[in-house]
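The values are calculated or read from the model by the stated rules, or taken from the named source; none is laboratory data. On a predicted model such as this, the values are computed, not experimentally measured, just so you know. In this analysis, Cβ positions are derived from the backbone assuming ideal geometry, glycine residues included, and neighbour counts consider all displayed protein chains. Please note that ligands, DNA and RNA were not included when accessible areas were found on the heavy atoms of the full protein model with its side chains. Shrake-Rupley method; radii C 1.70, N 1.55, O 1.52, S 1.80 Å.
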Amino acid sequence: MTRIDGRRAAIALTLLATLIVSAIYYAKSLARLDDRADANSELSFSDRLVAGGNSVIVNQEAATEADALIPRTETFRVRVGPRLRKAQALTSVYVESWYRYFLLPRRPAADARWIICYGCDTSELGKYVVRWHDTNGISIGRRE
């Protein structure tokens with residue numbers, strides 16, 4: 001066997017080993033993609049709509065109700081208070097900014113009539129008419 005034949009054999013074995021390893025990892029990757037697709041297909045419409053907000057907001061229904069109640073041309077504000085039940089670690093810090101992007105094209109404003117109250121004291125809001133509420137202390141309403 002000549003030196004060139006030895007190199008060719010080594011190259012051929014290396015290519016064969018590379019193809020075998022690649023085929024194994026390709027099959028594993030497809031299985032992982034299949035598992036991920038199954039997990040995604042099991043998500044509800046609300047889970048898909050709210051997405052990462054599930055780690056911030058307390059109630060998905062509050063988000064969808066705010067989207068349905070507040071007209072797209074109106075402004076809104078989010079008030080967070082100590083009366084909120086079942087709050088998550090990120091709620092008080094990020095709920096206001098999460099709603100800011102979730103409710104686009106509506107804009108936040110300090111003097112907005114539409115208010116999303118996350119455990120706030122509604123007596124401080126003046127004539128606040130509740131349009132939706134839950135048992136966690138969340139309400140959506142409008143100042144008249």
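Ligands, DNA and RNA left out, the 1.4 Å accessible surface of the chain is 56% carbon and sulfur atoms.
Taking only protein heavy atoms into account and a 1.4 Å probe, give the accessible area per residue of the chain in Å². Before the final figure, lay out the partial values.
Numbers: 9630 Å² over 144 residues.
For the chain, the per-residue accessible area is 67 Å².
Helices that extend 20 Å or more along their long axis by alpha-carbon positions and average at least 0.0 on the Kyte-Doolittle scale are, among the DSSP H runs of the chain, 3-41.
Summed over qualifying helices (DSSP H, 4 residues or more, each -39500 (n - 2.57)) and divided by its residue number, the chain shows a 222 nm mean residue ellipticity of -15500 deg cm²/dmol.
The GluC sites (Glu not before Pro) found in the range 40-81 that occupy coil by DSSP, while having at most 15 further C-beta atoms within 10 Å, are 42, 74.
Two numbers describe the Cα atoms of the chain: Rg and Dmax, which are 27.2, 97 Å.
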